[in-house]
Amino acid sequence: MPSLPEIMHRTFFRTLSLLSPARQGMLLGYVFDWLHRTPDPWKLATDSYEQDKYRTTLKHLPARPYRRIIEVGCSEGVFTHVLAVTYPDAEIIGVDLSERALARARERVPQDGRVRFIRADILTHRSEQRFDLVFCSETLYYLGRHERLRRASAQLSQLLVPDGVLVAVHPWPEAGRLHHYLDSHAALSRLTEQVYTATSRPFAVTVYGTKPATPTS
């Protein structure tokens, strides 16, 4: 059972989702800037649970080269740094709504032409690039109600190249509801899912793929 603070937390973000997508994104930016008034508010860089979750997530990736990677909801770039080390030849973009978080991300992982950070809202962002690998971790529950989760699923799928990979990581059992919208999207096929319950904070790692490009005759 979720605790009372968790229920209030989720209710607050569901209420924000009654606004227009643009207005919702603007207010979420203010909220996350406030939360990031102190560095690393969720202890992503120091919590052993988070570090283990990062290692576990990477184990689920299909073994293939990834040339372009995007992390949606990168916060202060802790996992982005892990990706930069793991895939030293890949172009990597970290996306977040909080300018404060992104400023710290740029200090943690210097933008060297290979790694970049941009402020963007997954609900409204239009990327000209497509990516081999998309990460969305601990993010979808901030978007609130059903219509916004459907919209986010469509946006995430549009970031992928043919035969691309999307990795979604969220708390269990809430991941069942959140990932349902990805399951329902026509462009995505679930490849694997693993639920980790032998921890104080259970979570699910779900991997999706898009169809390969159709060969031209």
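Every number here is computed from the coordinates shown, using simple stated rules; none is lab data. Not measured: the values here are computed from a predicted model. Counting neighbours? That spans all protein chains shown, and the Cβs are built from the backbone with ideal geometry, glycine included.
Quick notes on this structure:
- Loop sites in the range 76-142: trypsin sites (Lys or Arg not before Pro), DSSP, at most 15 other Cβ within 10 Å: 114, 126, 130
- Rg of the Cα atoms in the chain, relative to 2.2 N^0.38 Å, amounts to 0.98.
- In plain terms, the residue of 196, 66 with the fewest other Cβ atoms within 10 Å comes first and the most crowded comes last, giving 196, 66.
- Percent antiparallel among DSSP beta bridges (both partners in the chain, rounded to 5): 40 percent
- Burial ordering of 42, 34, fewest other beta-carbon atoms within 10 Å first: 34, 42
- Neighbour counts of C-beta atoms inside 10 Å place 59, 53 in the sequence 59, 53, starting with the fewest.
- The modelled label-to-label distance between residue 51 and residue 197, using points 7 Å beyond Cα along the C-beta direction, is 2.8 nm.
- Taken about its Cα centre, the range 5-164 carries a charge dipole of about 360 debye when Lys and Arg each add +1 at the Cβ and Asp and Glu each add -1 at the Cβ.
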